[in-house]
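To start, the structure under review is shown below, and the notes come after it.
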Amino acid sequence: RYLLEQDFPGMRIGPEPTTDSFIAVMQGDVEGIVPGNALVVDPKKPFRKLNAFGNAFLNRFVCAQLPNPVLESISVIDTPGILSGEKQRISRGYDFAAVLEWFAERVDRIILLFDAHKLDISDEFSEVIKALKNHEDKMRVVLNKADQIETQQLMRVYGALMWSLGKIVNTPEVIRVYIGSFWSHPLLIPDNRKLFEAEEQDLFRDIQSLPRNAALRKLNDLIKRARLAKVHAYIISSLKKEMPSVFGKDNKKKELVNNLGEIYARIEREHQISPGDFPNLRKMQDQLQAQDFSKFQPLKSKLLETVEDMLANDIAQLMVLVRQEESQRPTQMVKGGAFEGTLHGPFGHGYGEGAGEGIDDAEWVVARDKPMYDEIFYTLSPVDGKITGANAKKEMVRSKLPNTVLGKIWKLADIDKDGMLDDEEFALANHLIKVKLEGHELPNELPSHLLPPSKRKITE
């Protein structure tokens, strides 16, 4: 709702658990809802495989269509609220974790939403996050309603959230958490406004980059699936080889399922396969219980060679083609809705701060502190109104900034490129040092409002 900046059909938002359906929010010429059973038979929609989850799920799955510029670039799957406490015991009637896993394999980004007041990770939420295993690279976390608590409490809440997530998401890299208040109401406690703005911009940039990388992600998924299929073939053929041709099939099947871990280890050794490429052991054992091993196919080495050849050669060529295609196409960005709000004008992120300070002022912003900088300038032995680079360096290194940064400041401040600084250029250099020391980034080129008044004619 926040990203689209308009209501979508079937939307219900409230403090109580509201969404009990999966809602696919997609671009459409006319506003309306398409029910689940109709969705899975629509050849133009990518949901046909969801048929396997049955009526209990399809009755809880709808597509909300509406014309919106944001949806021209991305579609959003709004998932049901996670149950906690007593409600967890009431079955949903379908395999919730399996449905989430199906979506997780196919989406570009997974956003876990937490409320700053309700941080408890319920059993179902824990199961959900575990179902998203192997997709940690797609996961991001949003800590919402952060404007409703004081800074000190927010720090504790953030720490508690990271600790809880660390126990469930077993990755060496810390999962990215965006803190903010993602609705269009006044902030209750505005102390952290700047933090929320910066976090929102980071999240927006993350979402906006998705269409640009979509083709590469699909290619990445194809490679992942090819490797899994290869390992799967080794496992199935190993089980087939071990089966007796006539008697004792059932006993042998039980024995093989129980010893599946040893079979994994053997295949790993024989074919130099990474342990991370194997399917989940317990899940595989559960799946194998219902299978007839005698119907399994023996290993077809020719097909395996074809897969190996594809991974070694075809994929490399595809990568080059994808890169070429991306460079020729105009940059795809998510536009419209909340993404437009901070692009232009004084409410753009960082407007009037750092190097942008004084952008709208009639007088040169550096002039405010110039008398103080002039005092230092005249102690540095100026000759014909200019100080040498060596003398300027002695003063500039007092800032303790690294040479790489000071070198960039020198390049921006030495406007006439004569290797010396006059009083205005020296004041500008000190102003840029102050900008950097306050934690802002330096511009790559000097903005026009920072040009000293006497130098403006030169550049024109």
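The values are calculated or read from the model by the stated rules, or taken from the named source; none is laboratory data. The model shown is predicted, which means the values in this text are computed figures rather than measured ones. Reconstructed Cβ throughout: ideal geometry from the backbone, glycine too, with neighbour counts over all protein chains shown. Side chains are part of the model used for accessible areas, which takes the heavy atoms of the whole protein and leaves out ligands, DNA and RNA. Shrake-Rupley method; radii C 1.70, N 1.55, O 1.52, S 1.80 Å.
Things to note:
- Of the GluC sites (Glu not before Pro) in the stretch 143-205, the ones in a loop by DSSP (not H, G, I, E or B) with at most 13 other beta carbons within 10 Å are Glu150, Glu173.
- A simple spin-label model places pseudo-atoms 7 Å from Cα toward Cβ; at Arg12 and Lys254 they are separated by 4.9 nm.
- Dividing the convex hull volume of the alpha carbon atoms of the stretch 214-324 by its residue count gives 114 Å³ per residue.
- Within the stretch 378-408, backbone nitrogen closer than 20 Å to the virtual label 7 Å beyond the Cα of Lys417 toward Cβ: 387-390, 406-408
- A Cβ-based charge dipole, computed about the Cα centre of the chain with Lys and Arg at +1 and Asp and Glu at -1, lands at about 2360 debye.
- Anisotropy class of the stretch 363-453 from Cα gyration tensor, a/c 1.5 cut: rounded
- Those chymotrypsin sites (Phe, Trp or Tyr not before Pro) in the stretch 182-277 that DSSP places in a loop and that have at most 14 other beta carbons within 10 Å: Trp183, Phe247
- 222 nm mean residue ellipticity, helices alone, for the chain (DSSP H n ≥ 4; -39,500 (n - 2.57); rounded to 500): -13000 deg cm²/dmol
- In plain terms, the chain from Gln291 to Leu216 could stretch by 23.5 nm, reckoned as 0.36 nm per residue minus the Cα-Cα distance.
- Other-chain or far-sequence residues with amide H under 5 Å of Val76's (modelled H): Val25
- Surface accessible to a 1.4 Å probe, Glu308 within the full protein complex, Å²: 80
- 5 angstrom amide H check on Ile179, placed H, neighbours 5+ away: Leu143
- Residues of the chain: accessible area per residue with a 1.4 Å probe, Å²: 59
- When the square roots of the Cα gyration tensor eigenvalues are ordered a ≥ b ≥ c, the ratio a/c for the chain is 1.5 or more and a/b exceeds b/c, which makes its shape prolate.
- Principal axis dimensions, largest first and in whole angstrom, of the stretch 1-210 by Cα: 52, 37, 32
- Gain in span if fully extended, Arg282 to Arg227, counting 0.36 nm per residue against the direct Cα distance: 17.8 nm
- In range of the label at Glu105: residues from the stretch 51-77 whose backbone nitrogen is under 16 Å from the point 7 Å along Cα→Cβ: 51-54
- Simple spin-label estimate for Gln328 and Met372 gives 5.7 nm between the two label positions (7 Å along the Cα-to-Cβ direction from each Cα).
- What the Cβ-Cβ distance of Val41 and Glu353 gives, at R0 = 56 Å and to the nearest 0.05, is a FRET efficiency of 0.55.
- Extension gain, Leu321 back to His440 (0.36 nm per residue minus Cα-Cα distance, nm): 39.0 nm
- Each label point was placed 7 Å from the Cα along the Cα-to-Cβ direction; for Phe247 and Glu5 their separation is 7.8 nm.
- Amide H contacts under 5 Å for Cys63, placed H, 5+ residues apart: Ala24, Val34
- Note on the chain: antiparallel DSSP beta bridges, both residues inside, total approximately 45 percent of the bridges counted.
- Remark: the stretch 247-260, residue by residue, has Karplus-estimated 3J(HN,Hα) of 9, x, 5, 5, 5, 5, 4, 4, 4, 5, 5, 5, 9, 4 Hz, where x stands for each Gly or Pro and the curve is 6.51 cos²θ - 1.76 cosθ + 1.60 at θ = phi - 60°.
- Note on the stretch 214-324: dipole from Cβ charges, positive end direction compared against Ile273, Leu311, Met284; the farthest Cα belongs to Met284.
- When the trypsin sites (Lys or Arg not before Pro) in the stretch 314-407 are filtered for DSSP coil states and for at most 11 other beta-carbon atoms within 10 Å of their beta-carbon, the remaining sites are Lys400.
- At R0 = 45 Å, FRET efficiency that the Cβ-Cβ distance of Ser454 and Asp191 yields, to 0.05: 0.60
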